[in-house]
Amino acid sequence: MQRLPSVDPQVAQGRTKELFDTVEQALGGIPNAAKVMAHSPAVLGSYLAFSSSMGDVKIGEKLHNQLKLITSESNQCDYCTSILTAVAPAAGLSAEDILAGRTGHSEERRTKGALAFANDVLDSRGKVTDLQLAAVRDAGFDDQEIVEIVASVVLGCFTNFLNNVADTELDVAKAEPAEAAACTSGACATH
């Protein structure tokens, strides 16, 4: 049962209604997470502005989404993991890309480096070591991209934490556990 109620778009007024209209126009619907955020128009507006700005990151939409996936997995947010997994193909992610984002395992050097750094940021609450920072640089990321990786993690943490507090009701089918998804994609080890 959802612990923070959703704001009903049908009765929303003022700034909240304007924000709901923006979300509906962009997504074709209003996800439950936005309905929870709408308790504070300042929060929903800030989230939408942050999310929109992150659409122009140098690291690219694909890696940005993979970073949010690994963050959601780390924070055990079923809502975000499920919705990110559901919309990932529209963002250009293949089944393998989604699995890499969820597990942190990638054959691509840059992706692997970014996902490992995201885990370092999460595990240390941002207090990464000089070695961890050097490793992400060695994977090919410059300072702008490092800032964008951290921002992707932070954006993911915000939605993860809010949805975990609210126990937000899923709008999409629940994502299978990453291990099961790995087996479905053919990445299971055979014995």
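The values are calculated or read from the model by the stated rules, or taken from the named source; none is laboratory data. Just so we're clear, the structure is a prediction, and the values are computed from it rather than from any experiment. We place every Cβ from the backbone using ideal geometry, glycine too, and count neighbours over all the protein chains shown. Heavy atoms of the whole protein, side chains included, go into the accessibility calculation; ligands, DNA and RNA do not. Shrake-Rupley method; radii C 1.70, N 1.55, O 1.52, S 1.80 Å.
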For the chain, built as a Gaussian network whose Cα springs stay under 10 Å, the top-fluctuating residue of LEU115, LEU63, LEU133: LEU133
Candidate lysines for bridging to LYS112, where Cα separation is under 22 Å - those fewer than 8 sequence places away on the same chain excluded: LYS58, LYS62, LYS68, LYS127
Accessible-area order (highest first, 1.4 angstrom probe) of the listed residues HIS39, HIS105: HIS105, HIS39
Gain upon complete extension [GLU96, LEU4; 0.36 nm per residue less C-alpha separation]: 29.7 nm
Percent RCO, i.e. relative contact order, over the chain, from Cα pairs under 8 Å lying at least 6 residues apart: 31 percent
Length-normalised contact order for segment 28-135 - Cα pairs under 8 Å, 6+ apart - percent: 22 percent
Area accessible to solvent at GLU179, 1.4 Å probe radius, in Å²: 130 Å²
Cross-link reach list, aspartates and glutamates versus LYS17, counting only Cα pairs under 12 Å and skipping chain neighbours closer than eight places: ASP8
FRET efficiency, 1/(1 + (r/R0)^6) with R0 30 Å, evaluated for GLN13 and ASP167 via beta carbons: 0.70
Portion, in percent, of the accessible area of segment 60-191 that falls on carbon or sulfur, probe 1.4 Å: 55 percent
Accessible-area order (highest first, 1.4 angstrom probe) of the listed residues LYS17, LYS62, LYS127: LYS127, LYS17, LYS62
Net +/- balance of residues flanking LYS58 in space, Cβ distance below 13 Å, scoring K and R +1, D and E -1: -4
Among LEU84, LEU155, LEU131: highest mean-square fluctuation, GNM of the chain, C-alpha pairs under 10 Å: LEU131
Calculated log10 I(q)/I(0) by the Debye sum over Cα atoms at q = 0.11, 0.15 Å⁻¹ (choose from [x] -0.56, -0.92; [y] -0.45, -0.88; [z] -0.51, -0.91), label: [z]
